[in-house]
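In what follows, a single structure is set out as structure tokens and then discussed.
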Amino acid sequence: MQLLDIHTHRAKDDGNTHITDAGTGTAGNAPCSVGIHPWKISADWKEEFDKVAGIAASANVAAIGECGFDLIKSPATEEEQYRIFLLHAELSEATQKPLIIHLVKAQQLLLRAARELRHTQAWIIHGFRGKAQQAQQLLSAGMYLSLGEHFNATAARIIPAERLFVESDESTMPLPGIYARIAAARECSIEELAAQTATNALQCGLLNKH
Ligand SMILES: [Zn+2]
């Protein structure tokens, strides 16, 4: 069974499909995403973003990101993070590729960006660990939620199947183990979960640009 991992920082060769975060550079021909992580916003972010924009249209770039907001760990100000996020969101619209979002303590900022931009591409909150109420708010705004090794079980149960993704991110747990955890929390089979994430990827154009 093929499993889809929509976001990882560890290149893997296990027969599954992984979208590896390549930061501001492409990683070979394998599916990847490109963007500036909010932890890595430097004084040179404009040049870095130009690099991202320069490679974003490449066939192996499946998504834009991860980008987003971190009000605890980012060296950039809130305003700067907002500005840089909007640039990524505009790039996602221009290239018609989904956006992979890092979100820590900034839900209102993200919702503000969603109202301001009126995006057509899927906005995927990666590594979602929030509670059900936060999940509900993001789902109401049309977002997708991606779960990894650690998640809130109540929140995991309320995500509609057609808005769910699975990822390994920094985890060392093999992907089938992560799928098993999420399937158990949602009381479905791993096969059902795998079929659903594959369908969702097709529907939001994550992998069909290849
Ligand atoms: Zn990540």
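The values are calculated or read from the model by the stated rules, or taken from the named source; none is laboratory data. Since this is a predicted model, take the numbers as computed values, not measurements. In this analysis, Cβ positions are derived from the backbone assuming ideal geometry, glycine residues included, and neighbour counts consider all displayed protein chains.
Return a yes/no flag: does the stretch 81-103 have any residue that is among the basic types (Lys, Arg), within 13 Å of the ligand (Cβ to nearest atom) and outside any strand (DSSP E or B). No: zero hits. Filter the stretch 119-134 for residues that are without any contact (Cβ under 8 Å) to a residue 40 or more places away in the chain and within 16 Å of the ligand (Cβ to nearest atom) and give the result. Answer for the stretch 119-134, where residues must be without any contact (Cβ under 8 Å) to a residue 40 or more places away in the chain and within 16 Å of the ligand (Cβ to nearest atom): Trp123, Ile125, Phe128, Arg129, Gly130. The condition of being touching a Ser or Thr at 6+ places or on another chain (Cβ under 6 Å), more than 16 Å from the ligand (Cβ to nearest atom) and modelled with pLDDT under 95 holds for only one of Ala11, Ala27, Ala57, that being Ala57. Residues in the stretch 19-47 that are over 22 Å from Leu110 (Cα atoms) and either in contact with a Leu (Cβ under 8 Å, 6 or more places away or on another chain) or part of a helix (DSSP H, G or I) (or both): Ile19, Pro31, Glu47. Scan the stretch 158-210 for residues that are out of contact with any Asp or Glu (no Cβ under 6 Å at 6 or more places or on another chain), surrounded by 15 or more Cβ atoms within 10 Å (Cβ to Cβ) and among the hydroxyl-bearing types (Ser, Thr, Tyr) and the total you get is 2. Taken over the stretch 149-174, the criterion of being under 22 Å from Gln121 (Cα atoms) and either of a type in the set (Val, Ile, Thr) or in contact (Cβ under 8 Å) with a residue 24 or more places away in the chain (or both) is satisfied by Ile159, Ala161, Glu162, Arg163, Leu164, Phe165, Val166, Glu167, Asp169. Here Ile64 fits the description: among the hydrophobic types (A, V, I, L, M, F, W, C) and closer than 18 Å to Gln121 by Cα. Only residues in the stretch 194-209 that are more than 20 Å from Ala183 (Cα to Cα) count as the first member; pair them with residues that are among the acidic types (Asp, Glu), Cβ under 9 angstrom, at least 6 apart or cross-chain, and list the lot. Cβ pairs passing all conditions: Gln203/Glu162.
Only one of the numbered conditions (1) touching a residue at least 24 places away in the same chain (Cβ under 8 Å); (2) farther than 26 Å from His119 by Cβ is violated by Gln137, and that is (2).
Of these, Ala89, Ala56, which one is surrounded by 12 or more Cβ atoms within 10 Å (Cβ to Cβ) and over 15 Å from Leu110 (Cβ atoms)? Of the residues listed, the single one that is surrounded by 12 or more Cβ atoms within 10 Å (Cβ to Cβ) and over 15 Å from Leu110 (Cβ atoms) is Ala56. Flag: Pro174 does not match the condition of being more than 16 Å from the ligand (Cβ to nearest atom) and closer than 15 Å to Phe128 by Cα.
Quick grid of which residues meet (1) among the polar types (S, T, N, Q); (2) on the phi < 0 side of the Ramachandran plot; (3) touching a strand residue (DSSP E or B) at 6+ places or on another chain (Cβ under 6 Å):
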{"residue": "Lys73", "(1), (2), (3)": "no, yes, no"}
{"residue": "Ala76", "(1), (2), (3)": "no, yes, no"}
{"residue": "Glu79", "(1), (2), (3)": "no, yes, no"}
{"residue": "Gln96", "(1), (2), (3)": "yes, no, no"}
{"residue": "Ala113", "(1), (2), (3)": "no, yes, no"}
{"residue": "Glu116", "(1), (2), (3)": "no, yes, no"}
{"residue": "Ile124", "(1), (2), (3)": "no, yes, yes"}
{"residue": "Gly127", "(1), (2), (3)": "no, no, yes"}
{"residue": "Gln136", "(1), (2), (3)": "yes, yes, no"}
